[in-house]
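Comments concern the structure below.
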Amino acid sequence: MFLSTSVLNNLMKKAYKTGLVVARTQDAQGNDWLYLAGSYWEVSVNKDFIPKKTLGDIITLIGELPKPGERFKATKEGNQIEIEMPMAINEEGFGTDTLTITDVILIGTQGTAQRLLQDELTGRIYPINNVFISIINNAMIENERGEYSVTEPFFNPIRGILWKNNVCKLRAHFRTDDKNIKVLKSLKGVDITPEVPEE
């Protein structure tokens, strides 16, 4: 799993305050998948690749894992079953286009650190909560078990970014940054992608 366990745990704790969605499914090969979602992010991960610490964090927070085919919203009031709701990340609208992660961070409303991502083809800039850059940790990947590395995120202008490999997926919304509208407009078309060092 390419996600930092500590950052994911913080995201789950924050989501739990208003409702952390947890669901469990099986794919056509019989693999067990766990789905977690907050209000602006969602994760699908093959249960066999979830670190024991993360499974422990989930159970500590919500008390139990859902049964296969079950989805609930977990809060301190308890776990409420949800029916006919998404149980996996919908990848529709995410093609092969990727965004380049820049080194530029803007502080948005409420002091949120936002990393700027750029579409190199159009020059458009997309702000995203920097937590979704810091959560990516290729050192967590289990290459010996056939897990792939991840590189730049796929994107959809409306649905945000999608990091994925063969055992884990993370989708997160872009941020609407009213505080920095002028800055973002002035950066459009300016190449702010990191320079590739010459060999």
Report summary line: Pairs returned, first residue in region 144-167 that is on the phi > 0 side of the Ramachandran plot, second residue that is open to solvent by less than 20 Å² (accessible area, probe 1.4 Å) and in a loop (DSSP other than H, G, I, E, B), beta-carbon separation under 9 angstrom, 6 or more apart or interchain, are 146/167; 160/153
Requested in this report: Identify all residues within region 153-174 that are more than 27 Å from residue 110 (Cβ to Cβ) and either aliphatic (A, V, I, L, M) or assigned to a loop (DSSP other than H, G, I, E, B) (or both); write none if there are none.
Outcome: 165, 166, 167
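Residues checked against (1) among the small types (Gly, Ala, Ser); (2) under 21 Å from residue 8 (Cα atoms); (3) surrounded by 14 or more Cβ atoms within 10 Å (Cβ to Cβ); (4) at pLDDT 90 or above:
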| residue | (1), (2), (3), (4) |
| --- | --- |
| 111 | yes, yes, no, no |
| 115 | no, yes, yes, yes |
| 121 | no, no, no, no |
| 126 | no, no, yes, yes |
| 135 | no, yes, yes, yes |
| 152 | no, yes, yes, no |
| 161 | no, yes, yes, yes |
Report task. Show the residue pairs that are 6+ apart or on different chains and have beta-carbon atoms under 6 Å apart, the first residue being within region 64-80 and of a type in the set (Lys, Arg), the second being crowded, with 16+ Cβ neighbours inside 10 Å. Result -> 71/23; 71/82; 71/87; 73/19; 73/21; 73/82
Report task. Working carefully through the options 128, 83, find the one that is without any contact (Cβ under 8 Å) to a residue 40 or more places away in the chain and out of contact with any helix residue (DSSP H, G or I) (no Cβ under 9 Å at 6 or more places or on another chain). Result -> 83
Query raised in the report: Does region 25-73 hold any residues that are outside any loop (DSSP other than H, G, I, E, B), open to solvent by less than 40 Å² (accessible area, probe 1.4 Å) and over 19 Å from residue 163 (Cβ atoms), and which are they?
Result: 25, 32, 55, 56, 57, 58, 61, 62, 71, 72
Query raised in the report: What strands (runs of 3 or more DSSP E), lying completely within region 76-142, carry at least 2 residues that are within 18 Å of the chain's Cα centre (by Cα)?
Result: 100-107, 113-118, 125-129
Report task. Being assigned to a loop (DSSP other than H, G, I, E, B) and basic (Lys, Arg) is the filter; apply it to region 175-195 and report the residue that is surrounded by the fewest Cβ atoms within 10 Å (Cβ to Cβ). Result -> 188
Report task. Would you mind stating whether residue 72 is closer than 23 Å to residue 135 by Cβ and not aliphatic (A, V, I, L, M)? Result -> no
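The values are calculated or read from the model by the stated rules, or taken from the named source; none is laboratory data. Worth saying up front: this structure is predicted, and the values here are computed from it rather than measured. Every residue, glycine among them, receives a Cβ derived from its backbone with ideal geometry; neighbour counts consider all protein chains shown. The area values use the complete protein model at the heavy-atom level, side chains included, leaving out ligands, DNA and RNA. Shrake-Rupley method; radii C 1.70, N 1.55, O 1.52, S 1.80 Å.
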